[in-house]
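What follows is a single structure, written as structure tokens, with notes after it.
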Amino acid sequence: IYKSLWGENTLNSIIKVDLHIHSKASSYKDGIIVEKSNIDNIDVLVDKIDENNISLFSITDHNRFDYELYSKINEKVKTKYSTTKNNLPGVEFDVLLEDGKPKCHIIAIFNDNDQDKLRELQNKMFSIRKLENNEEVYTLQEFEQILKAINIEVILIVHQKQALDNVTGQTDSLSDEKTFKNDK
């Protein structure tokens, strides 16, 4: 895959990746900060991504997936840019993994081989439950049901902003959400 996207010398070069970009679809949770991040401003977004030599990126909105935005960005990337090679379909899920602990954020990057399934991704998510505000989260069982309903190969990346045994750091991290045994 690296050779087909980036050429022969990929292993000897740095590839910049940004898998944590929000659009207006996250405004129900993040407020006005993403208000202008919409389909009408794709050129501004992708210009900045290309200007910063980011080769691979994903719009990972909180508990939302906008297929139209994803498709429009892909059209721009394929026709206009040399550095930016690929926009991957993704979602940032708010999930409660363990009762009595805070939520954590899990970024899901989906295989883009089946566009029909991607078109239905958000409907499949919402068929389990649509989160409406900043306080709501998916339970672990709901998250598993969503992934099964979506039925697309996925890579999951859990936020982690400190050591796993440090529970006093940043929020929305795996170590805040799960209890880890310290074997020191």
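The values are calculated or read from the model by the stated rules, or taken from the named source; none is laboratory data. Note that the structure is predicted; figures quoted are calculated from it, not measured. Virtual Cβ from ideal backbone geometry, glycine too; neighbours counted across all protein chains shown. Quick note on the areas: whole protein, heavy atoms, side chains included, nothing else; ligands and nucleic acids left out. Shrake-Rupley method; radii C 1.70, N 1.55, O 1.52, S 1.80 Å.
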Inset, instruction - Filter region 146-182 down to the residues that are outside any loop (DSSP other than H, G, I, E, B) and at pLDDT below 60, then identify the one that is most open to solvent (accessible area, probe 1.4 Å). - result: LEU174
Legend entry - Residue ID - nearest to GLY90 (Cα to Cα), chosen from residues in region 102-123 that are part of a strand (DSSP E or B) and modelled with pLDDT under 95: HIS105
Legend entry - Breaking point among (1) open to solvent by 10 Å² or more (accessible area, probe 1.4 Å); (2) in a strand (DSSP E or B); (3) of a type in the set (S, T, N, Q), for ASN87: (1)
Inset, instruction - Under 6 Å between Cβ atoms, at least 6 apart or on separate chains: pull out the pairs that start in region 1-30 with a residue that is at pLDDT below 55 and end on any residue that is not aromatic (Phe, Trp, Tyr). - result: TYR2/THR10; LEU5/LYS85
Legend entry - Tabulated pairs, region 124-149, first in contact (Cβ under 8 Å) with a residue 40 or more places away in the chain and farther than 18 Å from ASP66 by Cα, second charged (D, E, K, R) and not in a loop (DSSP other than H, G, I, E, B), C-beta under 7 angstrom, 6+ apart or interchain: ASN134/LYS29; VAL137/ASP94; TYR138/ASP94
Legend entry - Every residue from region 34-67 that is assigned to a helix (DSSP H, G or I) and within 18 Å of the chain's Cα centre (by Cα): VAL34, ILE39, ILE42, LEU45, VAL46, ILE49, TYR67
Inset, instruction - Working carefully through the options PHE126, PHE143, find the one that is assigned to a helix (DSSP H, G or I), of a type in the set (Phe, Trp, Tyr), modelled with pLDDT of 95 or more and open to solvent by less than 50 Å² (accessible area, probe 1.4 Å). - result: PHE143
